[in-house]
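Trainee: One structure, pasted below without further comment.
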Amino acid sequence: MKTQLWILLSTGIILASVAVVGGKELTRIDGALIQAQHAADSEREAGAAIIARELKQQREERTALTQELTRLELEIERLAGNRAIEIAELQENYLKSREQLESLLNSSSSQLTVLESSVSRIEGAEYASLIQELNANMKDQWGALEARLDLNSEKLDKSRSALSKLDERLEERRDTHKMWRELLGPVVQLAGDSSVGSGVLLESMPVENRWRTLVVTAWHVVRDIQGTDGLDTTVPVTIYDQIGVARIESASVVKHDARIDVAVLEIYSSRPFPNGAKLPSIDSLARHAVFDRVYAVGCPLGNDPIPTAGEVADTSHDIDGQNYWMINAPTFIGNSGGGIFDAESHELLGIFSKIYNYGAVQQTIIPHMGLVTPMSTIYDWIEEEGLDLAQPK
C-alpha cells in the first residue's frame, strides 16, 4: 500500500514538473514568434521608408528635369524673334531633348506606380533586387539625358556666339537713309562758268535772327570759280536733298590757304540746313591708319554728290613739304573740295585736294590715287587763324 502510494505521489510530481516545463517552453516559443513578427514588421517598415525616400528622390529629379525644360523654353523664347534661321538647329535639339525627357518621365512614372503598388508585398532580397534594377535603369536614362543636355548646352553656347555675330552684322547693316544724311547730304556743288568742284557743309549755327553755315572746300576750286574778280565775289553753292530737289545759295570766303589747299566759306540763311558733316576728334584722327575703309563723296563732272568706296592708302604722303593722305577710292575731276568720310563712323576725315596724273603732252588721270588734306592739318590751320569749326576734343 505504501509502495503504491509512493508511486502515485512520484507520478504526480513528475507530471507536475512536466507541466511546468512545458508551459515555460510554450511561453518561450510564443515570445520568439512575437519577436519574429516584430522583426518582420520592422523590416517591412524599413523597406517602405527606403521606397518612400526613393520615390521622393524620383519626384525631385522629375521636378529638376521639368525646371530644366522650362529654362530651355524660356531661353529659346528669348533667342527667338527675327533669328529663326540661326536658332533652328537649337530648336530641333530642344525638341529631341523634350521628347527624351517626356519619355523618361513617362517611364519613371510607370516605374514609380509599380513601386507604389508593390510596397506592401516587397521584402528582403526581392526589394533590394528591384531597387537595384530601378537605379541601374534610371542611371542609364539619366546619363543619356545629361549627355544630351550637355550637347544642347554646347550648341546653345555656339548659337549664342552666332547670334552675337548676327547682332553685330545687323548693327552693321546699311541704313541707306542714315548714310545719305551723313555722307551725301553734307556735300554740295560749287560751280562757275568754266569750273566745277565740291564742298562740305558743317552744322548750321544760330546767329541773331539768322543761321550761319560754314562750308569747307579746296582753295583751288574757289580760285578757279572766282577767276580774276577777287575774293569779294560770292560763290554759288548748290545744296541737295534726298529726293533730288536742289537749292542754290551764295557763299562768301572767310579764310583760305593755298599752301594746304583749303578754304572756308560761309552762308547766311533764314533756316538751318538739315545735314552737316560730323567732325572727328583729334584722338580719333590719330588712330586712323592704312587699310581703314573710307567713302569719297563729291560732284565729279558736275554730277549730284556720289559716293565711292575705298581705303586709306597712306597717311604720310609728302608733296612739296606738305603732308597729305592718299586714298584708293575712285575720284575724278569735280571731286576736289569734297569730303572723305570714315566708312564706320561717317566722320569727316579730310577734304579732297588733287588726283595723281602722268604724261607731259596729254595728261592721264589716275582715279585710284587721290590726295586728301587731313582734318588734323585743317584743325591746326583753323586754330592759327582764330576760327572755330566746333570740332570735338
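Trainee: Take the residues in the range 246-303 that are in contact with a helix residue (DSSP H, G or I) (Cβ under 9 Å, 6 or more places away or on another chain) and part of a helix (DSSP H, G or I), then tell me which one is nearest to GLU344 (Cα to Cα).
Mentor: The extreme case among them is LEU285.
Trainee: Could you list all residues from the range 299-311 that are of a type in the set (A, V, I, L, M) and within 15 Å of LYS354 (Cα to Cα)?
Mentor: LEU301
Trainee: For VAL222, work out the one condition from (1) among the hydrophobic types (A, V, I, L, M, F, W, C); (2) in a helix (DSSP H, G or I); (3) within 14 Å of GLU249 (Cβ to Cβ) it doesn't fulfil.
Mentor: (3)
Trainee: Does ILE239 fit the bill of being of a type in the set (A, V, I, L, M), at pLDDT below 90 and either part of a strand (DSSP E or B) or loosely packed, with under 11 Cβ neighbours inside 10 Å (or both)?
Mentor: No: the conditions fail for ILE239.
Trainee: Right, something else. Does the range 374-387 hold any residues that are closer than 18 Å to ALA309 by Cα and of a type in the set (Val, Ile, Thr), and which are they? Steps first, please.
Mentor: So the first thing to find is which residues in the range 374-387 are closer than 18 Å to ALA309 by Cα, and the list is 374.
If the condition is that a residue be closer than 18 Å to ALA309 by Cα and of a type in the set (Val, Ile, Thr), then no residue fits.
Trainee: Regarding GLN363, is this residue within 22 Å of ASP224 (Cα to Cα), over 39 Å from the mean Cα position of the chain (by Cα) and in contact (Cβ under 8 Å) with a residue 60 or more places away in the chain?
Mentor: On the way: within 22 Å of ASP224 (Cα to Cα): yes; over 39 Å from the mean Cα position of the chain (by Cα): yes; in contact (Cβ under 8 Å) with a residue 60 or more places away in the chain: no.
Judged against the criteria, GLN363 is not a match.
Trainee: In the range 176-204, which residue that is exposed (fewer than 14 other Cβ atoms within 10 Å of the Cβ) and modelled with pLDDT of 90 or more is nearest to HIS346 (Cα to Cα)?
Mentor: We begin by selecting, within the range 176-204, every residue exposed (fewer than 14 other Cβ atoms within 10 Å of the Cβ); these are 176-178, 193-194.
From what's left, modelled with pLDDT of 90 or more: 176-178.
On the way: THR176: 12, HIS177: 13, LYS178: 10 Å.
Filtering the range 176-204 for residues that are exposed (fewer than 14 other Cβ atoms within 10 Å of the Cβ) and modelled with pLDDT of 90 or more, the one nearest to HIS346 (Cα to Cα) comes out as LYS178.
Trainee: Taking the condition of being farther than 22 Å from ALA218 by Cα and of a type in the set (Val, Ile, Thr), how many residues in the range 257-305 meet it?
Mentor: Number of matching residues: 1.
Trainee: Select from the range 334-379 the residues that are surrounded by 12 or more Cβ atoms within 10 Å (Cβ to Cβ) and among the acidic types (Asp, Glu) and list them in ascending order.
Mentor: ASP342, GLU347 - these are the residues of the range 334-379 that are surrounded by 12 or more Cβ atoms within 10 Å (Cβ to Cβ) and among the acidic types (Asp, Glu).
The values are calculated or read from the model by the stated rules, or taken from the named source; none is laboratory data. Only a predicted model underlies this, so the values are computations on that prediction, with no experimental measurement involved. Counting neighbours? That spans all protein chains shown, and the Cβs are built from the backbone with ideal geometry, glycine included.
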